[in-house]
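Below: one structure, written as structure tokens.
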Amino acid sequence: MSADRKGGSANRMFATANAAGPQGVDTMSTTEGVGSSPIISSTKDIYTILRLLMLKSVRPEALVDNPFKMIGKDWMLVTACTRKIDEDGNVINGRANTMTASWGGVGILWNKPVATIYLRPTRYTKEIIDQTDEFSLTVLPEKYRNALNYCGSHSGRDEDKFRAAKLTLDFMNDVPWVKEGRVVLFCRKLYAQEMDPNSFTDEKICNQNYRKNDFHTMYIAEITKVLMETRDTK
Ligand SMILES: Cc1cc2nc3c(=O)[nH]c(=O)nc-3n(C[C@H](O)[C@H](O)[C@H](O)COP(=O)(O)O)c2cc1C
């Protein structure tokens, strides 16, 4: 079978799975924005496709994960991509990067579902997020712990971390995300503010965390879409 035919059949598989989505779950197309046609060439590809079949779009309230565990223990990947607008007004995606984060939150603000992340000034990911409005937060199954450690200890300034950590980058409506995720939050930046040393009401926290004056910037972002694995395979 040609590569094209294989890609076509994988796309049909997506369509079938979407049509048969469980009740109460928003309709979602796993193919929506899943840019490249999936070509099955290895066991890893098959595994990734099966995982994608299990990802459904749900409302933020349907998220079953405990946020303390999901962010603080499982950790998440913050993924963003530089973007340019060409002379004809077309959006051109540039370089994507991802980094591990374990400080953050989810909740409600300004009557919107929001996610909050905190980035130190040295992070390449911060440089990208400062230039773009959108990013994603991806929570991976436990078997990707090494990949998370890698993305939390190497900078995308120096290398392609997706390749090094064997993670698959994809785009949903131009927003980059990591295909191996079991939960993905797509976020649109609403507010960014660097922490102010004068605003700490407990000085100890400031002294312990910011000896180099490398204060986090807090980003509050609207959660515009949630993908959640419908069967827990952790
Ligand atoms: C478990 C873990 C959690 C982390 N959480 C954060 C975080 O919340 N904010 C942050 O700025 N850096 C955090 N880091 C550090 C960044 O992931 C790390 O500096 C990374 O190399 C930055 O990559 P970049 O330069 O490609 O953006 C964390 C690292 C690990 C291993």
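You will find that of LYS225, LYS204, LYS212, the residue that is basic (Lys, Arg) and surrounded by 14 or more Cβ atoms within 10 Å (Cβ to Cβ) is LYS225 and no other. Taking residues in segment 91-102 that are more than 10 Å from ALA80 (Cβ to Cβ), and partners anywhere that are near the ligand (Cβ under 6 Å from one of its atoms) and of a type in the set (S, T, N, Q), not one pair has Cβ atoms closer than 6 Å while being at least 6 places apart or on different chains. Identify all residues within segment 139-181 that are near the ligand (Cβ under 10 Å from one of its atoms) and of a type in the set (A, V, I, L, M, F, W, C); write none if there are none. LEU148, CYS151, listed by residue number. Do you know which of the residues in segment 68-99 that are more than 15 Å from the chain's Cα centre (by Cα) and in a helix (DSSP H, G or I) is surrounded by the most Cβ atoms within 10 Å (Cβ to Cβ)? So the residue we want is GLY72.
Are there strands (runs of 3 or more DSSP E) fully within segment 165-228 with at least 2 residues that are within 27 Å of GLU142 (Cα to Cα) and of a type in the set (Gly, Ala, Ser)? List them. Steps first, answer last, please.
On the way: elements: 169-172, 175-178, 183-194.
In segment 165-228, no matching strands (runs of 3 or more DSSP E) lie anywhere.
Can you tell me which condition ASP88 does not meet? The list is (1) away from the ligand (no atom under 12 Å from the Cβ); (2) charged (D, E, K, R); (3) closer than 23 Å to ASP196 by Cα, and all the others hold. In the conditions (1) away from the ligand (no atom under 12 Å from the Cβ); (2) charged (D, E, K, R); (3) closer than 23 Å to ASP196 by Cα, ASP88 misses (3) alone.
Just the residues that are touching a Leu at 6+ places or on another chain (Cβ under 8 Å) and either closer than 21 Å to ILE92 by Cβ or within 14 Å of the ligand (Cβ to nearest atom) (or both), please, taken from segment 112-138. Before you say what the answer is, go through the steps one by one.
Let us first name the residues in segment 112-138 that are touching a Leu at 6+ places or on another chain (Cβ under 8 Å), namely 112, 114-115, 117, 125-126, 129, 136-138.
Residues satisfying the conditions are ALA115, ILE117, THR125, LYS126, ILE129, SER136, LEU137, THR138.
Say whether the condition of being within 28 Å of SER155 (Cα to Cα), of a type in the set (Asp, Glu) and at pLDDT 70 or above is met by at least one residue in segment 46-66. No, that holds for no residue.
Suppose the filter is at positive phi and more than 10 Å from the ligand (Cβ to nearest atom); does GLY105 pass it? Answer is no for this residue.
The values are calculated or read from the model by the stated rules, or taken from the named source; none is laboratory data. Everything numeric in this text was worked out from a predicted model, so none of it was measured. Neighbour counts run over all protein chains shown; Cβ positions are idealised from the backbone, glycine included.
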